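Below is one structure, written out as structure tokens, with a few remarks after it.
The values are calculated or read from the model by the stated rules, or taken from the named source; none is laboratory data. Computed from a predicted model, the values in this text were never measured in an experiment. Please note: Cβ atoms are built from the backbone with ideal geometry, for glycine as well, and neighbour counts cover all protein chains shown.
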């Protein structure tokens, strides 16, 4: 593995930064202390800072030479509304909040790259260090774009990275094309007519209508879309009634839809609405159908992915880069940036959890798990990738 020596020597400081952020997690658009820490470090290293982009986002600007060429490197900063069960010294001190997805590590890795790039400007052009808020459901990437991220700071491409438990440390996963799915949610209210449970013929049972709708929706996945197009339609909540002897007035279906293709998403949403409305009509009920599109699918651009793979291979070796990693139905708002700019998003291996300090919870070291902790061994690896990626990109004509 060809890591950068000054970054290796800076590992202890990066670990301290990462654990400081982990101990003080902040939810989406509340990352005031985290943003202040990031801005303070960048300023200490002589890097100009733009604050408040996308509410709490921070952008650092490292410019060298005369080239107009520029590249963006993005890390997310927000935590999750999870109660951490780890008890090691850097565990969360903010009740009900936890860095259970590794954004503390993502921020620290990009700071590690920033520190090196501020001292060793082996490039001609501009590196934009994008510290983004609100990835966990807040759409912080889009908010930064709405605030003029790409308009005010033109760049030819943007790159992202996420730690991935299960991939060994020192290895990376990436694929061209769809890498992560779209994230969408639905809530359907079935309006019936309440009645005594002993006299069901006097009412319109919304629960039976909801059950019929739920079962019929699964035929969209198995009979309406092409079998080769991946998609998931999951009903995760059904709410109805409050007594054993009462047929309620209404019932609610809630859940999520994930796809890698917007045409498939259009099909699923349309069929869900039609089935819900016509099924309800058949039972003399009505429905209120709500479908919300949160994040689009994350689609890596072919040229930038091939470029990122070459950089990764030069650092960890060809055998440690899976360039055809399996896409995941998880979602990421970096997808908004890739809709606007060419770029690539990679997974950096976080291992299986053996790195965790004494005092970790009994649960697995998986993302969004209260026993999770970022693997600090990744810090110099991720920081080296960011540096070599920026240097190589800015050398291109």
**Request:** Could you identify the single residue in 65, 52, 60 that is farther than 28 Å from residue 335 by Cα and touching a helix residue (DSSP H, G or I) at 6+ places or on another chain (Cβ under 9 Å)?
**Result:** 65
**Prompt:** Out of all the residues in region 93-113, is one or more in contact with a helix residue (DSSP H, G or I) (Cβ under 8 Å, 6 or more places away or on another chain) and surrounded by fewer than 22 Cβ atoms within 10 Å (Cβ to Cβ)?
**Reply:** yes
**Message:** I need a count of the residues in region 66-82 that are surrounded by fewer than 16 Cβ atoms within 10 Å (Cβ to Cβ) and more than 15 Å from residue 26 (Cβ to Cβ).
**Reply:** 3
**Request:** Go through (1) in contact with a strand residue (DSSP E or B) (Cβ under 9 Å, 6 or more places away or on another chain); (2) assigned to a helix (DSSP H, G or I); (3) farther than 17 Å from residue 210 by Cβ and name the single condition residue 263 misses.
**Result:** (1)
**Prompt:** Quick check: anything in region 114-126 over 25 Å from the mean Cα position of the chain (by Cα) and either assigned to a strand (DSSP E or B) or outside the structural domain of residue 12 (by TED's automatic domain parsing) (or both)?
**Reply:** yes
**Request:** Select the helices (runs of 4 or more DSSP H) contained entirely in region 284-397, then report the ones holding at least 2 residues which are in contact with a strand residue (DSSP E or B) (Cβ under 6 Å, 6 or more places away or on another chain) and farther than 19 Å from residue 78 by Cα.
**Result:** 302-316, 379-395
**Prompt:** Hey, any hits in region 65-79 for a residue that's under 21 Å from the mean Cα position of the chain (by Cα) and more than 17 Å from residue 145 (Cβ to Cβ)?
**Reply:** yes
**Prompt:** Based on what the data block shows, is residue 253 assigned by TED's automatic domain parsing to the domain that holds residue 220, buried (at least 20 other Cβ atoms within 10 Å of the Cβ), in a strand (DSSP E or B) and in contact (Cβ under 8 Å) with a residue 40 or more places away in the chain?
**Reply:** yes
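Residue-by-condition table, conditions (1) farther than 21 Å from residue 382 by Cα; (2) buried (at least 16 other Cβ atoms within 10 Å of the Cβ); (3) in the same structural domain as residue 208 (by TED's automatic domain parsing):
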position: 283; (1), (2), (3): yes, yes, yes
position: 288; (1), (2), (3): yes, no, yes
position: 301; (1), (2), (3): no, yes, no
position: 306; (1), (2), (3): no, no, no
position: 342; (1), (2), (3): no, yes, no
**Message:** assigned by TED's automatic domain parsing to the domain that holds residue 372, closer than 22 Å to residue 393 by Cα, touching a residue at least 40 places away in the same chain (Cβ under 8 Å) and assigned to a helix (DSSP H, G or I): is that true of residue 107 in this structure?
**Reply:** yes
**Asked** Within region 9-43, how many residues are loosely packed, with under 15 Cβ neighbours inside 10 Å and either touching a helix residue (DSSP H, G or I) at 6+ places or on another chain (Cβ under 8 Å) or outside the structural domain of residue 78 (by TED's automatic domain parsing) (or both)?
**Response** 0
**Prompt:** Within region 269-283, can one find any residue that is in contact (Cβ under 8 Å) with a residue 12 or more places away in the chain and under 17 Å from residue 181 (Cβ atoms)?
**Reply:** yes
**Request:** Test residue 46 against the criterion of being under 22 Å from the mean Cα position of the chain (by Cα), on the phi > 0 side of the Ramachandran plot and either assigned to a loop (DSSP other than H, G, I, E, B) or surrounded by fewer than 17 Cβ atoms within 10 Å (Cβ to Cβ) (or both), and give yes or no.
**Result:** no
**Prompt:** Quick one: how many residues across region 351-397 are crowded, with 22+ Cβ neighbours inside 10 Å and without any contact (Cβ under 8 Å) to a residue 60 or more places away in the chain?
**Reply:** 0
**Given (1) touching a strand residue (DSSP E or B) at 6+ places or on another chain (Cβ under 7 Å); (2) more than 26 Å from residue 156 (Cβ to Cβ), index of the condition residue 76 fails** = (2)
